[in-house]
Amino acid sequence: MCGIVGYIGHNRDIRIGLEALKRLEYRGYDSSGVAFYNKETKQIDSMRAVGKIVNLEEKMGGLDLKGSPVLFHSRWATHGNVTEENAHPHQDCKGNVFVVHNGIIENYQQLKDKLIKEGHTFTSQTDTEVIPHLIEKFFEGNLEEATRKALALVKGAYALGIIARDDPNKLVLAKYSAPLLIGIGENNEYLAASDPSAIITHTKNVVYLEDGELAILTSIPGGFSIEDYSRNPVKRAPRETEWNVEDAKKDGYAHFMLKEIMEQPKSIKDALRGRIVLEDGSVKLGGLEDIKEKLKEVERVQVLACGTASFMGKVGEYMFEEYAGLSSKGDIGSEFRYKKPVIDKKTLTVVISQSGETADTLAAVKEAKRKGSPTIGIINTMGSSIAREVEQGIYTHAGPEIAVASTKASTAQLAVLALLSLYLGRQRDLSLVMGQRMGKELLRLPELIKKVLERASDIEGIARKYENIKNLWVMGRKYNYPAALEGALKIKETAYIHAEGIAGGELKHGALALIDEDFPTIAIVPSDSVYEKMVSNIQEIKARKGPVIAIATEGNEDIKSTVDDVIYIPKTLEMLTPILSIIPLQLFAYYLGVLKGNDVDKPRNLAKSVTVE
Ligand code: G6P
């Protein structure tokens with residue numbers, strides 16, 4: 001999704017912002033641009049380029065580009081094709097106001113028609129371009145004044161960075177339903193970014209803007225102020241972001257995706273750290289202290305998420321029902337927000353999101369809150385919009401996830417869901433002994449994951465064997481049905497191969513019709529309560545000559561004679577098997593993607609953080 005970087009401070013090389021913008025590349029984009037106030041010419045210079053940020057860098061080339069304030073943007077097209085004209089920054093008719101924008105202006109067509117009638121000339125097909133023209137209309141020398149008046153007419157979602165030639169010592173920011181933060185640098189330097197990972201090399205002190213707030217940054221001591229649209233000042237102290245620079249580097253791995261897969265022993269350890277109390281067979285979740293009593297009254301669980309996180313939520317459904325005895329249901333954010341959900345204060349809403357910024361998930365949690373449901377977030381990004389929207393939260397602590405396809409953040413979500421089901425279970429009928437067993441098994445996970453990762457080269461070999469497949473089923477039952485859905489999604493995302501997840505029991509209801517010698521299946525078949533059923537499904541596929549790769553439990557030698565290839569995972573509690581079975585699927589997808597020459601970290605057409613509907 002689009003990325004914003006802003007800078008105001010000394011008259012220094014503007015490439016400071018370029019480096020920050022590159023840190024946002026992982027979010028997905030298709031063009032980029034820059035605008036900055038040139039103190040010598042007293043004009044705003046601007047450049048834009050289609051494609052990778054290096055193309056913009058080439059355009060900036062040998063020029064001596066000093067300036068302040070500066071705005072950078074990476075665009076992920078929503079309105080209008082991927083062209084230089086549609087790339088940001090956009091400007092008004094006079095070359096005075098320059099704007100970068102993340103989000104969507106919903107009433108842009110009406111605004112644009114009106115502005116054209118009033119004599120404004122538009123040069124792009126974007127919704128964004130109405131903003132500089134609206135500001136132009138109200139501009140009388142004070143940028144924030146004009147911005148405030150312009151935004152009163154705008155409907156939609158936006159994070160905005162704005163500069164003006166005729167009010168040159170300011171960088172104005174505005175936020176509504178799209179993330180934006182201020183970074184406090186040294187010596188009266190300030191940065192702005194849509195994501196903290198952009199600016200962590202410069203500062204860890206950040207201030208998040210809230211919806212309906214405007215910030216005015218100037219390069220003087222204490223040079224930032226925040227106010228709402230009615231000009232009431234807002235006081236908010238900076239906070240330290242928990243992410244560090246090392247987290248955002250590749251550490252010698254060929255891709256972030258592989259690095260993040262390999263980091264899972266650590267990310268799971270971090271997700272569990274200090275949370276399991278073995279003596280009590282329970283867990284300590286600081287974030288839930290305030291609603292402890294309310295949680296005892298809960299009778300149902302509603303899980304809300306999008307993409308990979310929604311499949312993790314589906315595993316959660318099985319966990320909550322089996323261990324907490326709570327009727328449980330998962331919805332994807334985009335559906336939930338437009339349904340007429342039947343939930344109330346007895347329904348606990350659990351929201352799952354890596355970024356904490358997914359627009360549909362955010363809207364869904366707002367809807368759940370409106371219905372009186374208590375809300376808990378399982379979120380990776382501290383201070384993100386969803387983290388701030390939910391009543392209480394449990395952070396996953398997986399660290400920054402850069403590759404678009406989620407890996408370590410999603411298994412950390414599973415670990416936290418297991419903790420939450422244990423917590424809710426112990427508030428109800430779950431026995432001390434079972435609680436202790438779950439706690440012990442959770443603590444073994446980092447070691448068990450290491451064993452799975454040691455098989456990476458075998459999995460690469462299997463990926464080579466199946467490199468030319470066109471279609472694939474990923475099949476599982478019970479806890480591993482959502483794991484199959486997730487495996488298929490990973491393969492689509494990184495290998496661009498048509499893959500679908502199916503529940504073993506559904507095989508005979510249609511999927512079997514497609515099976516022949518060219519249509520392989522990955523069967524997740526650990527030695528658990530549905531093992532025999534899964535073996536029957538595998539036999540049905542083999543009887544129709546379909547190749548089968550099994551993900552099975554170590555020590556199961558029998559399976560070898562039934563299937564074509566086996567990937568072993570260690571034995572663990574049934575509820576935790578998805579954490580282990582998803583990892584070979586991640587590796588399989590990764591190696592297939594690499595073999596096909598795909599940009600696995602940034603798959604085509606996809607974005608890391610989907611901040612628009
Ligand atoms: C995008 C990403 C997925 C992610 C989904 C939900 O589609 O590419 O990897 O699972 O959004 O994102 P969230 O940040 O809410 O977990």
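The values are calculated or read from the model by the stated rules, or taken from the named source; none is laboratory data. The model shown is predicted, which means the values in this text are computed figures rather than measured ones. Because the Cβ atoms are built from the backbone with ideal geometry, glycine has one as well, and the counts that use them run over all protein chains shown. These accessible areas exclude ligands, DNA and RNA; they are computed on the full protein's heavy atoms, side chains included. Shrake-Rupley method; radii C 1.70, N 1.55, O 1.52, S 1.80 Å.
Once label points are set 7 Å from the Cα along Cα→Cβ at both residue 470 and residue 79, what is their separation, rounded to one decimal in nm?
4.0 nm
Explain nothing, just the number: relative contact order of the chain, from Cα pairs under 8 Å at least 6 residues apart, as a whole percent.
Computed value for the chain: 12 percent relative contact order.
Note down the relative contact order for segment 48-169 as a percent, whole number, built from C-alpha pairs under 8 angstrom at least six residues apart.
Once normalised by length, the contact order is 29 percent.
Only bridges with both residues in the chain count here: give the DSSP antiparallel percent, nearest 5.
Values: 64 of 103 bridges.
Approximately 60 percent, going by the DSSP bridge assignments.
Could you give the distance between the Cα centres of segment 78-112 and segment 455-487, to the whole Å?
42 Å
Only sites in a loop by DSSP and with at most 15 other Cβ atoms within 10 Å count here; which GluC sites (Glu not before Pro) in segment 467-547 make the cut?
Answer by residue number: 467, 517.
Considering only protein heavy atoms and a 1.4 Å probe, what is the carbon-and-sulfur percentage of the accessible area of the chain?
Whole-percent figure for carbon plus sulfur exposure: 48.
Can you tell me how the chain classifies by the Cα gyration tensor, rounded, prolate or oblate, using a/c under 1.5 as the rounded cut?
Details: a/c = 2.11, a/b = 1.68, b/c = 1.26.
Prolate, because a/c is 1.5 or more and a/b exceeds b/c.
I'd like the orientation of helix 307-324 relative to the chain: the angle between its Cα long axis and the longest Cα principal axis, in ° from 0 to 90, rounded to 10.
The two axes meet at around 50 degrees.
Working with all protein chains in place, sort 228, 64 by solvent-accessible area computed with a 1.4 Å probe, largest first.
These residues rank, largest area first, as 64, 228.
At 0.36 nm per residue, and after removing the present C-alpha to C-alpha distance, how many nm does the segment from residue 564 to residue 149 gain when stretched out fully?
Extra length available between residue 564 and residue 149 comes to 142.7 nm.
In percent, how large is the relative contact order of segment 521-613, given Cα pairs closer than 8 Å and 6 or more residues apart?
Working: 92 pairs, mean separation 20.2, N = 93.
Rounded, it is 22 percent for segment 521-613.
Please work out the average accessible area per residue across the chain, using the 1.4 Å probe convention, and give it in Å².
Accessible area per residue, the chain: 38 Å².
Which angle from 0 to 90°, rounded to the nearest 10, does the C-alpha axis of helix 577-595 make with the longest principal axis of the chain?
The answer is roughly 60 degrees.
Where nothing but the Cβ of Lys and Arg (+1) and of Asp and Glu (-1) is charged, how large is the charge dipole of segment 30-118 around its Cα centre, in debye to the nearest 20?
180 debye
Quick one: putting +1 on the C-beta of Lys and Arg, -1 on the C-beta of Asp and Glu, what dipole do you get for segment 3-241 around its Cα centre, in Debye to the nearest 20?
Approximately 160 debye in magnitude.
Which shape class applies to segment 381-445: rounded if a/c is under 1.5, otherwise prolate when a/b exceeds b/c and oblate if not, where a ≥ b ≥ c are the square roots of the Cα gyration tensor eigenvalues? Write down the numbers at each step before the final one.
Working: a/c = 3.58, a/b = 1.59, b/c = 2.25.
Verdict is oblate for segment 381-445.
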